[in-house]
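*Asks:* Okay, handing you the structure first.
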Amino acid sequence: GEDMMIWAGMDTGRIAVFSEASGVTKRVVIAAKEKGDLDDHRIYWLGRSPVYADHVWSMDENGEVVCWDARTYKTVGRHAGPGVFTKSAVVVAPKPAGSCICVYGAGRRGSPGSHTVPAELGVAKKKVRSTSTGPNAKGKACTESRLPDTVTPRCTFCTYSESDALPPRELWIGRSDNIVQVLRLRAEDASTFELDKCGTVVLPDAVLCMCNVQNKEIWVGSIGFIFRLDVGNRTQINKFTAHGPRGSISCMINTETTKEVWSAGDGGSLCIWAERTGRLESELLASEDDKIDSLYSGVPGQVWSGTFNGVILVWDLRTRRILQRISDTSMGSIRCFATAPESSRVWSGSRSRALCAWGVPECEDDPISYIQGNDESTEDTEDDSTKRRGKKRLKFW
């Protein structure tokens, strides 16, 4: 709908769904199938379904995967976990190799359109050669649509024709028993969710974090090493030392615009690697003796890092310099970040159960919204001495 929702996984096996705009909680759901000790079902991963827009996937520390209907907040299906401590997961969803269709939904007046432009717009069509690069698209004719001068499109995105075979959608799960388990999506629709085990990769040490690189490689962070795994044949490409011989690699992200992988160590260091070669390009010290618990690249041109002691650093992606330092030790460990499309702020989640929204790109030291548990909803009023400019602190659940 018009109100974007953010899903937040909690230590107690619950998932809170709240409004990105207002911070008001819409629903709290319980992921555990058995209503036992919910502390044994901490939610470590949340992600959108790669094939069904109204579904959200969650994974708890036991490796159990649950598919949720984002409209009704009900369970669509679940896949039982191995019962081994599981903290990281990545979705592998390569694009189809067939023809690409540009669907109107930023373009300019009268620009090429789509097979799916409504007929009532009076769109003229003509045959053109396909510009797709897939193996099945060579020499293939497609349709170019041209909008009338009275119509100005607002946005465009790409989809694929129904005749194109979708490549396998997979969920790679990293476990503490040195195993990366590969699950393949067998079926998913409005009422069905089924995953099949289709492979494993055994590593020398526990999996601490993972990163999807262009749907072609999975980078795995362990103790003192990063392993590069090939998605196609599920084998190890190579490995290299990182963050010291026994340093734990806490998190990794892929920055697609610069084609780099950023990794964080428990000693406060950041390493930047070339995604194609695995070569170390730069090493940065974010904060001495303060473990980096989270990395986020959802803001164009920036990387956000959160530390164990409640420090947020905003980095310039290209110059690798710190743009802003935000420190609030009362928040505790900064575990995760999220933002909505075209939003002007970033949400952070911390160990203290606080959810804070930070302005972008100013990154002001006071959050726009502040949310924490076990309190009644309150809202600050404008104060001439603090000049908060209408910012509000909200508390709920």
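The values are calculated or read from the model by the stated rules, or taken from the named source; none is laboratory data. Owing to the predicted nature of the structure, the values given are computational and were not obtained by experimental measurement. Neighbour counts are summed over all protein chains in view; Cβ atoms, including those assigned to glycine, are modelled from backbone coordinates with ideal geometry. For accessibility, only protein heavy atoms count, side chains too; no ligands or nucleic acids. Shrake-Rupley method; radii C 1.70, N 1.55, O 1.52, S 1.80 Å.
*Asks:* If you rank THR339, THR86 by how much accessible surface each has, with a 1.4 Å probe, what is the order from largest down?
*Replies:* THR339, THR86
*Asks:* Once you've got the Cα coordinates, tell me which of LYS87/LYS291; LYS95/LYS259; LYS33/LYS74; LYS74/LYS216; LYS74/LYS197; LYS95/LYS216 are over 22 Å apart.
*Replies:* LYS74/LYS216; LYS74/LYS197
*Asks:* Counting only protein chains, not ligands or nucleic acids, how are TYR296, TYR52 ordered by accessible area (probe 1.4 Å), most first?
*Replies:* So the residues, ranked largest to smallest area, are TYR52, TYR296.
*Asks:* Next question, about the same structure. If amide H atoms are built 1.01 Å from N in the plane of the peptide, which residues on other chains or at least 5 residues away come under 5 Å of the amide H of MET4?
*Replies:* Under 5 Å from the amide H of MET4 lie the amide H atoms of GLU20, ALA21, each far enough along the sequence or on another chain.
*Asks:* Continuing with the same structure: For LYS87, what accessible area in Å² do you get when you roll a 1.4 Å probe over the heavy atoms of the protein chains, rounding to the nearest 10?
*Replies:* 90 Å²
*Asks:* If I compute solvent accessible area with a 1.4 Å probe over the protein chains, what percent of it on region 203-329 is carbon and sulfur?
*Replies:* Taking all protein chains in place, region 203-329 shows 46 percent carbon and sulfur surface.
*Asks:* Same structure again: Using a 1.4 Å probe, how large is the accessible area of MET210, given in Å² and rounded to the nearest 10?
*Replies:* Result for MET210: roughly 20 Å² accessible.
*Asks:* What figure in square angstrom, to the nearest 10, would you give for the accessible area of ARG353 with a 1.4 Å probe?
*Replies:* Counting only protein heavy atoms, the figure is 120 Å².
*Asks:* Find out how many positive minus negative residues lie around THR75, taking Lys and Arg as positive, Asp and Glu as negative, among other residues whose Cβ is under 9 Å from that of THR75.
*Replies:* So the surrounding residues net to +2.
*Asks:* What three numbers, in Å, describe the spread of the alpha carbons of region 176-298 along their principal axes, ordered from the longest?
*Replies:* 48, 31, 27
*Asks:* How large is Rg over Rh for region 243-324, taking Rg from the Cα atoms and Rh as the Kirkwood inverse mean of 1/r across Cα pairs?
*Replies:* Across region 243-324, the Cα-based Rg/Rh ratio is 0.93.
*Asks:* What residues qualify as long-range amide H neighbours of LEU323, i.e. H under 5 Å apart, gap of 5 or more or another chain, H built at 1.01 Å from N?
*Replies:* VAL314, TRP315, ASP316
*Asks:* Let me know the whole percent of all Cα-Cα pairs from region 301-363 that are separated by more than 13 Å.
*Replies:* 60 percent
*Asks:* What number comes out for accessible area per residue over region 161-310 if the probe is 1.4 Å? Units Å², please.
*Replies:* On a per-residue basis, 42 Å².
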